[in-house]
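Every read-out reported here was derived from the displayed coordinates using simple, explicitly stated rules and does not represent laboratory data. A quick note: this is a predicted structure, and the numbers were derived from the prediction, not measured. For neighbour counting, all protein chains shown are included, and Cβ atoms are generated from backbone atoms with ideal geometry for every residue, glycine included.
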Amino acid sequence: MKIVVLGAGAMGSVFGARLHLGGAEVTLLDVNEAHIAAVRETGLSVALDEGTQVLDIPIMRPEVFVDPSDLILLFTKIFHTDAALQTIRRHLNSTPVLSLQNGIGNVERIARHLPMERILIGMTMTPAEFIAPGKVASYGPATTQFHAADGQHRQLLDDIAAAMRAGGIDAAIDPDIQAAIWEKAAFNCAMNGLCALSNATPGAIGASEAGRTLAFEVADEAVSVARASGVAADPDKVRALMRHAFAQHVFHEASMLQDRKAGRRTEIDALNGAVSETAARLGIATPANNTIARLVRLFEDAKDWMTHHQSKA
C-alpha cells in the first residue's frame, strides 16, 4: 500500500516507521522544518521494544506532495485538522482518510472536507514520544482499532489491517468503534489532564490515592456522557486501561504534558472540554472534567498573557 502520514509528530512518525517496516510505501508529511531536515539528513531513528532502527522514509511539507496514494493516515492535532486537509485538498477527491487522532468529534471535522464513505475512524493505544527532530520512541504494545465512519465493511479495511499487522501493530477492524473512541477519550481525559496538571507520569498518578481517585472520577464522568449519548462505552475497560498505564507506562510522558512543557496548545477542547460541552447539552453534571478543562486552559491563557505583557515590559 501507498500510505501518506499527515502529521509526522511522535505518533505519526512511529506509525510511519512501523508501516514502512511492514513493507508499505510510506511518505511522511509535516510542517516541522527541523524534523524534516533531520529525517532527510540522517533518516528517522525509531526506538521500539525490538531495538532502535534508522529508516530512510521520504518526508516533506504537505503542500509539495503530489504523488497518488491509497490512504491518508491523519495524525495532526485536532485543531490543525482543517488547515492540514486544506493543504492536500487535491488528494481528497479520491483518497480515503483514516483518522487515529485523539478526542471526540473527528468525523465531523473531516466530513467538512470529503464524503462520509471515504472517512475511516479509529483509535490507538500505542505509546509514542518525540525525543528530538528525527528521533522518536515507542515502548509497549501497538494496539489499534478502526472502522469506516458509515459502518460499511470494505476491502480497504482488510488491506489496512494487514499492512499494520505486518509492521507489528495489533490492528483490529471494530464495528463498535465509537465505543472504543469514547473509552480512549475517557482514559485520556483522566491521564492526559492529570499528568499535564501535576507535571507527573502515570506511575506517579497511580501511586497516589488522591491521583487514582480523581483519575477514576474523571473517566467515569466521561463514560457516563458517552452512554447518555447512545454510545455503549464500558467503564470497566477504561479502568483496566488506566490500571495498566499506572503499572506499565510508569514513566511515559503523556502528550498533553509534553505539549504543556513545550508551551504548545493542548488538545483539551477535544477531551475534557468536549466531555463538558456534550454533558451540558445533555443536562449531565461533570464537575471533575469541567475543572480539569478550566485549569489546562488557564495554563494556556496565562502563558499567552505573560508572553504578551513581558514582551512589552
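Classify the range 111-262 as rounded, prolate or oblate from the Cα gyration tensor: take a ≥ b ≥ c as the square roots of its eigenvalues, call it rounded if a/c is under 1.5, otherwise prolate when a/b beats b/c and oblate if not. Taking the square roots of the gyration eigenvalues as a ≥ b ≥ c, the range 111-262 is oblate.
With neighbour counts taken as other beta-carbon atoms within 10 Å, the residues Ile284, Ile119, Ile72 rank, fewest first, as Ile284, Ile119, Ile72. Please work out whether the range 55-108 counts as rounded, prolate or oblate from its C-alpha gyration tensor, where a ≥ b ≥ c are the square roots of the eigenvalues and a/c under 1.5 means rounded, while otherwise a/b larger than b/c means prolate and anything else oblate? Prolate is the answer for the range 55-108, as a/c is 1.5 or above and a/b outweighs b/c. Going by a ≥ b ≥ c, the root eigenvalues of the Cα gyration tensor, does the range 179-312 fall in the rounded group (a/c under 1.5), the prolate group (a/b larger than b/c) or the oblate group? Because a/c hits 1.5 or more and a/b fails to exceed b/c, the range 179-312 counts as oblate. Residues Phe251, Phe75, Phe130, Phe65 in ascending order of nearby Cβ atoms (within 10 Å, fewest first): Phe251, Phe65, Phe130, Phe75.
Here are a few candidate values for Cα extents along the principal axes in Å: (i) 49, 44, 38; (ii) 57, 45, 44; (iii) 52, 49, 39. Which one was actually calculated from the structure I just gave you? Of the labelled values, this structure produces (iii). Among beta bridges from DSSP that stay inside the chain, the antiparallel ones total about 35%.
Rounded to whole numbers, the Karplus 3J(HN,Hα) couplings from phi for the range 224-234 are 4, 5, 4, 5, 5, 8, x, 9, 7, 5, 9 Hz, using 6.51 cos²θ - 1.76 cosθ + 1.60 with θ = phi - 60°, and x at Gly and Pro.
Here the Karplus curve 6.51 cos²θ - 1.76 cosθ + 1.60, taken at θ = phi - 60°, turns the phi angles of the range 100-108 into couplings of 10, 6, 5, x, 10, x, 5, 4, 4 Hz, with x standing for Gly and Pro.
Considering only Ala161, Ala219, Ala254, the mean-square fluctuation computed in a Gaussian network model of the chain, springs between alpha carbons under 10 angstrom, is largest for Ala161. Of interest is the spacing of the C-alpha centroids, which for the range 104-127 and the range 250-288 amounts to 19 Å.
Grab the range 179-312 and count how many Lys pairs have their alpha-carbon atoms under 24 Å apart, sequence gap of 8 or more, or different chains. Each step should come with its number before you reach the end.
On the way: Lys184/Lys237; Lys184/Lys261; Lys261/Lys303; Lys261/Lys312; Lys303/Lys312.
Lysine pairs meeting both conditions in the range 179-312 amount to 5.
Taking the range 109-146 and a reference point 7 angstrom along Cα→Cβ of His80, the backbone N atoms nearer than 17 Å belong to 110, 128-137. With 10 Å bins beginning at zero, the pair-distance distribution over Cα atoms of the range 2-175 amounts to 10, 43, 38, 9, 0 %. A straight line joining the Cα centroids of the range 135-208 and the range 4-70 runs 19 Å. Report summary: the helix-based calculation at 222 nm, which adds -39500 (n - 2.57) for every DSSP H run with n ≥ 4 and divides by the residues of the chain, gives -15500 deg cm²/dmol.
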